[in-house]
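One structure is given here, and the rest of the page talks about it.
Values quoted throughout were computed directly from the atomic coordinates according to the rules given, and no laboratory measurement underlies them. What you are looking at is a predicted structure, and each value in this text was computed from that prediction instead of being measured. Glycine gets a Cβ as well: all are built from the backbone with ideal geometry, and neighbour counts include every protein chain shown.
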Amino acid sequence: MNKVLCSVATRGRYFTTLPLVLQAIINQTTLPDKLVIFDDNDEPKDMRNEMIYQYFFQMLDIKGVKWEWLFAEKKGQHHIHQQANRMGYDWVWRCDDDCIPEPNVLQNLKSYATEIDNVGAVGGAILTPPNLFDTSNVTGKINNICSEPNIQWNHIEKIKEVDHLHCSFLYRAGVHDYNLGLSRVAHREETLFTYGLYQNGYKILAAPHAESLHMKNPEGGIRSETRKEMYEHDEAIFNNIVGLSDRTIVVLNCGLGDHIVFNSILSDIPNPVVFGCYPDVIPCRSIAEAQALFGNIDQYNIYGKMDQWKWTGSLQDAFRKLYL
Amino acid sequence: MIIIHPYAKALINGKQNPKNYAYWKELIYLIDKSIHIVQIGVDGEEQLVDDFRMNLPIIELRQLIKDCRTWISVDSFFQHLAWSEGKPGIVLWSVSDPLIFGHPENTNLLKSRDNLTPNQFLWWDFTEHNPDYFLKPEEVIKFI
């Protein structure tokens with residue numbers, strides 16, 4: 001297992017659940033290499049002036065955990081997590097600011113990620129007292145998301161492959177992007193993210209012995225927006241993506257030559273639905289439609305991907321890596 | 001008949017695309033006069049030969065490629081289109097990397113990898129055009 005970044009996005013919880021979460025992270029039996037707190041408060045404060053936070057920072061220093069307090073852009077936690085996703089670490093453990101991990105969570109999540117091949121994300125139970133849902137027959141399939149509880153909403157007895165996770169989990173960084181087209185509430189952002197990892201061929205695991213307590217705090221919270229249309233906007237994007245779960249979504253927001261090169265691998269792509277700019281090269285739906293359906297199409301930018309991958313192979317192979 | 005595609009896509013900032021070969025007139029002068037040369041391109045590009053066919057649809061370009069003996073192009077969509085038609089030709093490179101954007105079936109003429117732009121994946125607007133980065137016509141003609 002390589003380097004692990006622990007990322008906490010926070011808003012409105014300086015003196016409620018955030019200190020509990022930080023204490024729980026500091027008390028992990030396996031520590032992350034670095035802790036980053038993304039402060040998304042409307043009126044952020046310098047917490048270095050607060051004694052309790054000074055203690056936290058001192059404990060992190062003593063334990064050799066690098067830490068950083070960053071002021072976020074107030075665009076929602078999907079932007080925050082995408083920043084963490086690209087900070088150059090191999091894995092990111094994302095913790096909500098009201099979700100308190102037991103001391104063994106990171107240790108066990110790391111061991112699953114290490115010992116099982118091709119893990120994209122692994123998460124444990126997220127228990128919200130006093131509610132415990134009956135998850136005995138849960139499939140964890142994306143198409144059942146509206147008809148069954150999330151497998152993380154009760155104790156997890158044995159490891160199970162699922163399509164998606166929520167709330168807090170450990171994930172392989174830099175291989176899939178968060179959907180930045182979602183609104184500030186970022187409704188379903190983690191579901192879409194983990195489902196994207198799943199679609200990229202990685203295992204998504206719900207794992208036992210890695211439990212966190214979700215102290216649902218009615219005050220504050222990274223999603224503390226009440227505008228119904230934001231949720232509706234995000235739900236529509238979610239439904240559009242899940243509605244194409246049996247298709248490979250291809251977005252060619254690139255040049256004519258790129259379309260021609262991509263065309264050479266099109267027949268290898270299972271059940272593609274193509275959005276592009278040159279229908280005379282590849283039959284396709286428009287880029288504007290892709291933007292409207294999926295909110296953000298940056299994750300399909302082949303040049304952005306080649307830059308991220310420090311690519312030295314052929315353009316054709318880059319398309320293969322992105323879509324196969 | 002051979003095809004030439006002298007110019008890569010125009011840049012938004014109005015500067016010369018750094019992938020545009022700097023010595024087309026000299027190269028054309030060196031080509032055997034008995035060979036018919038067809039230039040393809042779009043409105044606004046400089047005409048270099050008598051037979052300049054502008055704004056052809058893809059289907060007509062494909063047919064033209066089928067009919068030609070070979071072709072010479074800068075790094076543009078055209079090299080990909082000809083490659084997709086299975087017709088090898090010559091690509092004149094400067095700052096873009098033929099190992100990434102080229103096809104081994106073609107003759108890829110790059111003067112030096114030292115001239116490649118460090119980041120190959122940004123807009124070409126940020127790279128200056130430099131005639132010294134291209135092979136001279138006297139060297140290119142040996143491959144035609």
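Residues B:M54, A:M215, ranked from the fewest to the most other C-beta atoms within 10 Å, line up as B:M54, A:M215. The aspartates and glutamates within cross-link reach of A:K160, meaning a Cα-to-Cα straight distance under 19 Å and a gap of 8 or more places when in the same chain, are A:E115, A:D117, A:D134, A:E148, A:E190, A:E211.
Straight-line reach from A:K63: taking Cα to Cα under 18 Å and skipping same-chain neighbours fewer than 8 places apart, the lysines in range are A:K3, A:K34. Length available on full extension from A:Q23 to A:D61: 0.36 nm per residue minus the Cα-Cα distance, which gives 12.3 nm.
Sorted fewest first by neighbouring Cβ atoms within 10 angstrom, B:F143, A:F169, B:F52, A:F38 come out as B:F143, B:F52, A:F38, A:F169. Between amide H atoms placed 1.01 Å from N, distances below 5 Å from A:R285 occur with A:V274, A:F275, A:G276, all of them 5 or more places distant or on a separate chain. When each of the peptides A:127-139, A:227-239, A:250-262 is scored by how many other beta carbons lie within 10 Å of its residues on average, the order from highest to lowest is A:250-262, A:227-239, A:127-139.
If R₀ is 41 angstrom, what is the calculated FRET efficiency for the pair B:E60 and A:I265, using the beta carbon separation as r and rounding to 0.05?
On the way: r = 25 Å, r/R0 = 0.61.
So, using R0 = 41 Å, E works out to roughly 0.95.
Among the trypsin sites (Lys or Arg not before Pro) in segment A:268-324, those located in a DSSP loop and surrounded by at most 15 other Cβ atoms within 10 Å of their own Cβ are A:K310.
Bridgeable lysines around B:K15 (alpha carbons under 30 Å apart, same-chain partners fewer than 8 residues away excluded): A:K305, A:K310, B:K25, B:K111, B:K136.
Backbone geometry of segment A:249-266 corresponds, through the Karplus equation with coefficients 6.51, -1.76 and 1.60 at θ = phi - 60°, to 3J(HN,Hα) couplings of 7, 10, 10, 10, 8, 8, x, 4, x, 5, 4, 5, 5, 4, 4, 6, 10, 4 Hz, x marking Gly and Pro.
A simple spin-label model places pseudo-atoms 7 Å from Cα toward Cβ; at A:F133 and A:V273 they are separated by 2.5 nm.
Using a/c under 1.5 as the rounded threshold, could you call the protein assembly as shown rounded, prolate or oblate? The axes a ≥ b ≥ c are square roots of the C-alpha gyration tensor eigenvalues, and prolate needs a/b larger than b/c, oblate otherwise. Prolate is the answer for the protein assembly as shown, as a/c is 1.5 or above and a/b outweighs b/c. Working ranking of peptides B:15-24, B:113-122 by packing, defined as the average number of other Cβ atoms within 10 Å per residue, highest first, is B:15-24, B:113-122. Among the trypsin sites (Lys or Arg not before Pro) in segment A:1-65, those located in a DSSP loop and surrounded by at most 15 other Cβ atoms within 10 Å of their own Cβ are A:K3, A:K45.
Amide H contacts under 5 Å for A:A9: A:F38, A:C95, A:D97, restricted to partners 5 or more places along the chain or on a different chain, H placed in the peptide plane at 1.01 Å from N. Each part gets one Cα centre, and for segment A:102-136 versus segment A:166-207 those centres are 15 Å apart.
Close amide H pairs (under 5 Å, H built 1.01 Å from N) link A:L35 with A:C6, A:K66, A:W67, A:E68, residues at least 5 positions away or on another chain.
Just want to confirm a number: the relative contact order over chain A, from Cα pairs under 8 angstrom separated by 6+ residues, in percent. Mind showing how you got there, number by number?
Working: 639 pairs, mean separation 58.1, N = 324.
So the answer I get is 18 percent.
The 3J(HN,Hα) values that the Karplus relation (6.51, -1.76, 1.60; θ = phi - 60°) gives for segment B:99-112 are, in residue order, 6, 9, 9, x, 10, x, 5, 8, 8, 9, 9, 10, 5, 7 Hz. Gly and Pro appear as x.
Sort chain B into rounded, prolate or oblate with this rule: let a ≥ b ≥ c be the square roots of the eigenvalues of the Cα gyration tensor; rounded if a/c is under 1.5, and if a/c is not under 1.5, prolate when a/b is larger than b/c, oblate otherwise. It comes out rounded by the Cα gyration axes. Couplings 3J(HN,Hα) for segment A:87-95, derived from phi with the Karplus relation 6.51 cos²θ - 1.76 cosθ + 1.60 (θ = phi - 60°), are 7, x, 8, 7, 9, 10, 9, 9, 10 Hz, where x marks Gly and Pro.
Suppose every Lys and Arg Cβ carries +1 and every Asp and Glu Cβ carries -1, with no other charges. What dipole size does segment A:4-224 come out with about its Cα centre, to the nearest 20 debye?
It works out to roughly 200 debye.
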